[in-house]
Amino acid sequence: MARFLKAGKTKEELAVQAAQVSETVKNILAEIESNGDTAVRAYSEKFDKWSPESFRLSQQQINEIIQSVPEETIHDIKFAQEQIRRFAEVQKSALSDIEVETLPGVFLGHKNIPVNSVGCYIPGGRYPMVASAHMSVLTAKVAGVKRVIACTPPINGEIPAATITAMALAGADEIYLLGGVQAMAAMAIGTETIEKVDMLVGPGNAFVAEAKRQLFGRVGIDLLAGPTEVLVIADETSDAEIVATDLLGQAEHGPTSPAALITTSVELANETVKEIERQLQTLETADVARVAWQEYGQIIVVNSMKEAVVEADKLAYEHVEVLTENPRYFLENMTNYGALFLGPKTNVAYGDKVIGTNHTLPTKGAARYTGGLWVGKFLKTCTYQEVKTAEASALIGEYAERLCHLENFAGHREQALLRVRRYKKESVPY
């Protein structure tokens, strides 16, 4: 039976925090819906101390920003984008339009139609999430989205040049220097100067995630991405230094980022705790990572790999690193995860930044029912039907009228009966 050597905050404590965030977001959205650009500008001034003549960057401004970025940075961005584009194109090629004749004269099919417009949020703050531009803007463009707009906040009153460069190179049609809930509201609700979109995607802090949740319905969303999560599954063959490094590597995202270890080795668990404390003495982001580990870190000791799968599926974490003798056992048996990272030669940072898979992934247990952002999220699989012969219409109509009668749908039944009267050969001419 699994034993918790360390546990994080309780569900009750987390619920109180969520309620406070929800109320704040609700008020901001209501004000922006009522007052448009005026409210957006007021919140941008309040939260980011940013109030330019226009939040949208002109092409000239974008060109000047790109020219200010070092060549090596541009090369690195292009390399990452090529990996992400290549994998997204392969994913898209796996999606096909179909048409099948299910009965003589009855044709059914579906088409994969791109969403018309998408708003992408690229987080800033302490960590300018350059990679999120690739993951959202670029993937939407590969899917065939016609209009892709992107928002990112200024950082301490400055333009995040590398992020803007990545957004432009990824193919964004409109770029706005605008952050937080006000950016999400502007894209989803629309203002006098920002045309609303059909879908919102991208990660963000608790307020951005809550804004997506409250805006869902009036726009589509990719998923509800909360604080970053990492789970490391390890056995006695694992290295405590690697385990600790990879736990802290995600814990540094924010003070509410859960990091968990599931292991069959008590010795490794104890060594990992010591190693975490050692690394926190020198880690530049220790002020954040330490709080996350202390308040949200977990260590679970299990008796077998089978039990490790059970406990891992219960957590349903966003990132799952498998540092065991046979990592593919978890690929074959786990069902709830955002992304798997198999073996010590890979890690979450590769997936987050450059390797090619998407880093916008399900959190807070959502991996039980959804995967992460990918090219297919931007496509609507829409069905169609065509009945080409009178005989087929009459045949389907006879079944349909009886089934409609069974459900007391008189109008539905009449649609079917009309076709039977029109198209059944032995019927009296209508």
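The values are calculated or read from the model by the stated rules, or taken from the named source; none is laboratory data. Only a predicted model underlies this, so the values are computations on that prediction, with no experimental measurement involved. Cβ: placed from backbone, ideal geometry, glycine included. Neighbour counts: every protein chain shown. Only protein heavy atoms, including side chains, enter the accessible area calculation; ligands, DNA and RNA are left aside. Shrake-Rupley method; radii C 1.70, N 1.55, O 1.52, S 1.80 Å.
Within region 93-112, can one find any residue that is under 22 Å from Gly202 (Cα atoms) and assigned to a helix (DSSP H, G or I)? No.
Pairs are defined by a Cβ separation below 8 Å, a sequence spacing of at least 6 or placement on different chains, a first member in region 46-61 that is in contact (Cβ under 8 Å) with a residue 60 or more places away in the chain, and a second member that is open to solvent by 80 Å² or more (accessible area, probe 1.4 Å); the pairs so defined are Ser54/Thr193; Phe55/Thr193; Arg56/Thr193.
Evaluated against (1) at pLDDT 95 or above; (2) of a type outside the set (Asp, Glu); (3) loosely packed, with under 13 Cβ neighbours inside 10 Å, Arg126 falls short on exactly one condition, (1).
With Ile262, Ile276, Ile300 as the choices, which residue is open to solvent by less than 10 Å² (accessible area, probe 1.4 Å) and assigned to a helix (DSSP H, G or I)? Please lay out each step first, then the result.
Values: Ile262 fails: assigned to a helix (DSSP H, G or I); Ile300 fails: assigned to a helix (DSSP H, G or I).
Going through Ile262, Ile276, Ile300 in turn, just one is open to solvent by less than 10 Å² (accessible area, probe 1.4 Å) and assigned to a helix (DSSP H, G or I): Ile276.
May I ask you to verify whether Ile74 is more than 24 Å from Val208 (Cα to Cα), more than 24 Å from the chain's Cα centre (by Cα) and open to solvent by 70 Å² or more (accessible area, probe 1.4 Å)? Here the answer is no, as Ile74 does not meet what is asked.
One line per residue, one yes/no per condition, for (1) in contact (Cβ under 8 Å) with a residue 24 or more places away in the chain; (2) more than 24 Å from Ala251 (Cβ to Cβ); (3) open to solvent by less than 10 Å² (accessible area, probe 1.4 Å):
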residue: Arg147; (1), (2), (3): yes, yes, no
residue: Ile155; (1), (2), (3): yes, no, no
residue: Thr165; (1), (2), (3): yes, yes, yes
residue: Gly171; (1), (2), (3): yes, yes, no
residue: Ala185; (1), (2), (3): yes, yes, yes
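Taking the criterion of being modelled with pLDDT of 90 or more, open to solvent by less than 50 Å² (accessible area, probe 1.4 Å) and farther than 19 Å from Gly190 by Cα, the residues of region 1-56 that qualify are Val21, Ser22, Asp48, Trp50.
Which one is farthest from Glu325 (Cα to Cα), of the residues in region 222-235 that are part of a loop (DSSP other than H, G, I, E, B) and at pLDDT 95 or above? First the steps, then the outcome.
Taking region 222-235 as the starting set, the residues that turn out to be part of a loop (DSSP other than H, G, I, E, B) are 222-229, 235.
In the following step, the residues that additionally are at pLDDT 95 or above were identified as 222, 229, 235.
Values: Asp222: 35, Glu229: 23, Asp235: 7 Å.
Filtering first and then ranking leaves Asp222.
How about region 236-255: which of its residues are open to solvent by less than 60 Å² (accessible area, probe 1.4 Å), assigned to a helix (DSSP H, G or I) and of a type in the set (D, E, K, R)? Once the filter is applied, which keeps residues that are open to solvent by less than 60 Å² (accessible area, probe 1.4 Å), assigned to a helix (DSSP H, G or I) and of a type in the set (D, E, K, R), region 236-255 yields only Asp246. Take Lys92 and tell me if it is of a type outside the set (Asp, Glu), more than 30 Å from Gly254 (Cα to Cα) and buried (at least 18 other Cβ atoms within 10 Å of the Cβ). Yes: the conditions hold for Lys92. Evaluation of Val219 against the conditions (1) touching a strand residue (DSSP E or B) at 6+ places or on another chain (Cβ under 8 Å); (2) of a type in the set (Val, Ile, Thr); (3) at pLDDT below 95 shows that the sole unmet condition is (3).
Filtered by the rule that a residue be open to solvent by 70 Å² or more (accessible area, probe 1.4 Å), closer than 17 Å to Ala131 by Cα and in contact with a strand residue (DSSP E or B) (Cβ under 8 Å, 6 or more places away or on another chain), region 330-376 gives a lone residue, Tyr350.
Please verify whether region 285-293 includes one or more residues that are farther than 24 Å from Tyr369 by Cβ, surrounded by fewer than 24 Cβ atoms within 10 Å (Cβ to Cβ) and among the hydroxyl-bearing types (Ser, Thr, Tyr). Talk me through it step by step, then tell me what you get.
First, the residues of region 285-293 that are farther than 24 Å from Tyr369 by Cβ: 285-293.
From the residues that got through so far, the ones that are surrounded by fewer than 24 Cβ atoms within 10 Å (Cβ to Cβ) too are 285-288, 290-291.
Now narrow it down to the ones that are among the hydroxyl-bearing types (Ser, Thr, Tyr): 285.
Within region 285-293, one or more residues are farther than 24 Å from Tyr369 by Cβ, surrounded by fewer than 24 Cβ atoms within 10 Å (Cβ to Cβ) and among the hydroxyl-bearing types (Ser, Thr, Tyr).
Examine region 377-387 for a residue that is under 29 Å from the mean Cα position of the chain (by Cα), closer than 30 Å to Pro114 by Cβ, aromatic (Phe, Trp, Tyr) and buried (at least 20 other Cβ atoms within 10 Å of the Cβ), and state whether such a residue exists. First the steps, then the outcome.
Within region 377-387, the subset under 29 Å from the mean Cα position of the chain (by Cα) is 377-384.
Imposing the further condition that a residue be closer than 30 Å to Pro114 by Cβ reduces the set to 377-384.
Now restrict to residues that are aromatic (Phe, Trp, Tyr): 378, 384.
Keeping just the survivors that are buried (at least 20 other Cβ atoms within 10 Å of the Cβ) gives 378.
Yes, region 377-387 contains a residue that is under 29 Å from the mean Cα position of the chain (by Cα), closer than 30 Å to Pro114 by Cβ, aromatic (Phe, Trp, Tyr) and buried (at least 20 other Cβ atoms within 10 Å of the Cβ).
If you go through region 168-214 and pick out every residue that is more than 23 Å from Arg85 (Cβ to Cβ), in a helix (DSSP H, G or I) and not polar (S, T, N, Q), you end up with 17.
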